[in-house]
1. Determine the sum of side-chain charges near residue 87: Lys and Arg each +1, Asp and Glu each -1, restricted to other residues whose C-beta is under 14 angstrom from that of residue 87.
2. Using the count of nearby Cβ atoms within 10 Å as a rough guide to exposure, how do 200, 15, 81 rank from fewest to most?
3. How much length is gained on full extension from residue 201 to residue 133, taking 0.36 nm per residue of separation minus their Cα-Cα distance?
4. Residue by residue, what Karplus-based ³J(HN,Hα) values in Hz, rounded to whole numbers, does the range 174-191 have, using 6.51, -1.76 and 1.60 with θ = phi - 60° and x for Gly and Pro?
5. Could you give the nm distance between label points at residue 167 and residue 140, where each point is 7 Å from its Cα heading toward the beta carbon?
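Just so it is clear, none of the values below were taken in a lab; they were calculated from the coordinates. Predicted, not measured: the structure shown is a model, and the values here were computed from it. All Cβ positions, glycine included, derive from the backbone under ideal geometry; neighbour counts span all protein chains shown.
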Amino acid sequence: MNGKEEQVVFQVVEHFMSKGMLFTAYDVTKAVKKLGYPVYHSEVKARLRKLDLGNYTKTLKDISKIVFPGSANPIKALVYHPRTTSPENYNPVDLSDSDSDANTDDSIQTVVDVIPSNNASPDNVYDVQLDRRGRFFIRAKVVTAAGFNAGDTLCIRAVDSIIELSDKLGISDSLITIDRYKNFLVFEGYFMKAFGKVPHKIMVVASNKKIVITEYNQ
């Protein structure tokens with residue numbers, strides 16, 4: 001999965017969550033493929049399991065009667081749903097133009113920005129150049145886009161090819177503070193922990209109270 005594909009996966013998930021939809025990793029895979037990106041379902045599942053879900057949670061559910069009525073064999077999948085909504089309400093996301101139920105999404109195309117040409121990089125891709133103290137600056141426009149302000153304390157987690165920053169503290173998270181200019185620093189150690197190296201380029205995706213950093217390989 002390249003950097004642009006990974007960005008679209010994050011955008012689709014954010015889109016589903018912003019609408020309060022129930023979904024599985026397979027629903028995300030279908031949506032990303034409908035947008036023209038040939039992703040592998042296994043890679044989408046791996047990305048989803050690393051994300052901070054905020055007001056969402058995930059529940060393992062047998063969806064065989066929904067997906068394949070009459071099937072004698074259970075088909076279990078993780079259903080991602082708002083904490084206040086029962087996973088029993090899940091139905092596969094309908095990506096058609098129909099508006100027959102609450103889990104229909106006919107606006108999925110709106111989640112993707114204009115795709116850059118092969119000779120250009122998206123404006124959220126950065127060359128990684130560390131300073132003499134092994135630090136990389138994340139600038140104010142990213143902080144603003146994520147809804148953070150100067151002086152905010154963020155939780156940073158580096159695991160399995162993702163560096164994630166949010167305002168929700170997890171067990172293994174460290175804390176960083178946004179400076180008065182609305183910048184913050186990512187130290188070399190976080191890159192090493194997430195990617196096993198300092199990547200040449202990174203993609204930084206800002207959404208509501210969350211910043212996700214991945215390696216950009218396109």
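1. On the way: positive: 58, 61, 65, 76, 83; negative: 27, 62, 88.
So the environment of residue 87 carries a net charge of +2.
2. On the way: 200 11, 15 20, 81 24.
Lowest count first: 200, 15, 81.
3. My answer for the length gained is 22.6 nm.
4. Result, rounded to whole Hz: 10, 10, 9, 10, 6, 6, 5, 8, 6, 10, 8, 10, 10, 7, 3, x, 5, 4.
5. Label at residue 167, label at residue 140, 2.0 nm between them.
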